[in-house]
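Bear in mind that the values in this text are calculations on the coordinates, not laboratory data. Predicted model, so just to flag it, every value in this text is computed and none were measured. Ideal geometry is used to build each Cβ from the backbone, glycine not excepted, and the neighbour counts take in all protein chains shown.
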Amino acid sequence: MSVGERRAEARKRRQEQCQKSCACVVISSLVATIVIQCLAKPVEVTVPNTPEVPAAQPYLAACSAHAKCAQQGQDDCCPSSDGVLMGCCSPIPSSVKVDPFRGMCYAPTPAKNVSVLPTDDYMAPWAEALWGKSGRDDLSAIRQMGFKVLRVYGNDPRLSHEAFLSRCTALGLKVIVAISDFPYTQESEFPETTCEDPQSKCATAPPYDCFTEVRLQFTTMLKNGFTVRDGEGQMRYHPAIEAIILINEPELKITYQGAIAKDAWSKGYYTKALLSALDGALRAEESLSIMGAKPPFTVVNSFSTCETCKTNVAGRGGRRSSPRRPSDVRVTPGFLEGALKPDFFGYDPRHDLKSALQNRWLLGFNTQDTSDVICKQVLQPLKATPLSGLPIWAGEYKAWYQSMPDSKVADFKEDWSKLSSWVQQGASCDAAGAPLRGP
């Protein structure tokens, strides 16, 4: 019997063993062989009956509602009629509670040199040999190292994530999940969209309305493991989910005529795409009647400023030159003002986005810099703006040069310890910066 025949016979036996108790998935491996993996039944998880958190006091736009804005001589300051959240505005109150944590990113590419992978969704059952108890058991090792939160990237909504999330719950791990770039930059493959005429590649061309694409994508994710049913049959979020990333580094992906920045920022297209994405995600939850406490949404920016963003340009004009506007800070420039005043960006939301900002939003950023740079360029400036009342986390962190072959591990360890101490103390930059929830 040839090698090929032996492999075929082994596959056949494995299929017969799998079919009675579980599903089988066939995937192409990186060495051009075929692997058939028997997928274990999802781990049972107890769904806590966690009530919804009381909403924060609604944030008012009127200058008179903010002590430092009372002398501005205009009706609205927070934001103003031209979409600027002025430096005199009081901090935006938030009801979002995120316990301080130490986390790590998880993307265990199973090869040294890769050109094409079947999928980058490592939460799916095909990757259970990497994270599962019966395989390499990455999740257990991560928990033993003292980490409490994982950030994952790829997400194919057609694949189940229940087993992965339930394994995390069993180990005491929380997960920050993400919507992939697919609905924003690629053609839709959802058959139900053919009758709804969605804007495929919704973040690459007018009208920059991602409501339908994100609603459909996120609804499927919620059905495939992001939610579970409680004892009364009601849908609730899986207890492992800590937060949901709407999009990673959108300023590098949202384009106009194939180019990032420029008109994508100055015309407000970037902001409109994000506002409509949040709106679509809220509709997905609503359509499934999800009960109980819900995790915050977040957008993770690339640590860059946005000098040409619509609200930043408006904020530099005349009396708008008050210091420390939110658009000066490297976290989701323009979006936060847009949530307070979506009509400034030409968007008519189906939901109260201001309420979502106050009750479902977590500021986020990625960085390849040290803690000192994070302090000077994000946390200290943030504390001086109205955004200081919103929680913030670092989605990626490590100075780029600390990954070089000749770098010293001790240097990263020292900087990591400093950042971790800020999280534990609930204060950063010697109490001069906004509190960081987790790196």
key: Most to least packed among 47-60, 208-221 [average Cβ atoms within 10 Å]   = 208-221, 47-60
inquiry  = Could you sort the peptides 142-152, 175-185, 407-417 by per-residue average Cβ neighbour count (10 Å cutoff), highest mean leading?
reply    = 175-185, 142-152, 407-417
task = Rounded to whole Hz and in sequence order, give me ³J(HN,Hα) for the stretch 57-62 from the Karplus expression 6.51 cos²θ - 1.76 cosθ + 1.60, θ = phi - 60°, writing x for Gly and Pro.
result = 4, x, 7, 9, 7, 4
query = Rounded to the nearest 0.05, what FRET efficiency do Ser403 and Asp430 have when you use their Cβ-Cβ distance and R0 = 30 Å?
reply = 0.65
task = May I ask you to list the residues of the stretch 44-70 whose amide nitrogen lies under 19 Å from a point 7 Å from Cα along the Cα→beta-carbon direction of His351?
result = 50-59
Estimated inter-spin distance, Thr119 and Glu232, nm [label 7 Å along Cα→Cβ] = 3.3
message = Nearest 5 percent is fine: what portion of the DSSP beta bridges confined to the stretch 97-425 is antiparallel?
response = 15
key: Burial order of peptide ranges 365-372, 161-168 (average beta-carbon count within 10 Å, highest first)   = 161-168, 365-372
ask   = Whose amide H sits under 5 Å from the amide H of Lys174, counting only residues 5 or more places off or on another chain, with H placed in the peptide plane?
value = Val149, Leu150
query = What net charge do the residues around Ile247 carry, taking every other residue with its C-beta under 15 Å from that of Ile247, with Lys and Arg at +1 and Asp and Glu at -1?
reply = -2
remark   = Checked against a 24 Å limit on the C-alpha separation, the offending pairs among Lys253/Lys408; Lys354/Lys383; Lys262/Lys294; Lys253/Lys398; Lys97/Lys148; Lys253/Lys413 are Lys253/Lys408; Lys262/Lys294; Lys253/Lys413
query = Assuming R0 = 41 Å, what is the FRET efficiency of Thr50 and Val373, from their Cβ-Cβ distance, to the nearest 0.05?
reply = 0.65
inquiry  = How big is the dipole moment of the stretch 251-298 about its Cα centre under a simple scheme where the beta carbon of each Lys and Arg is +1, that of each Asp and Glu is -1, and everything else is neutral? Debye, nearest 20, please.
reply    = 140
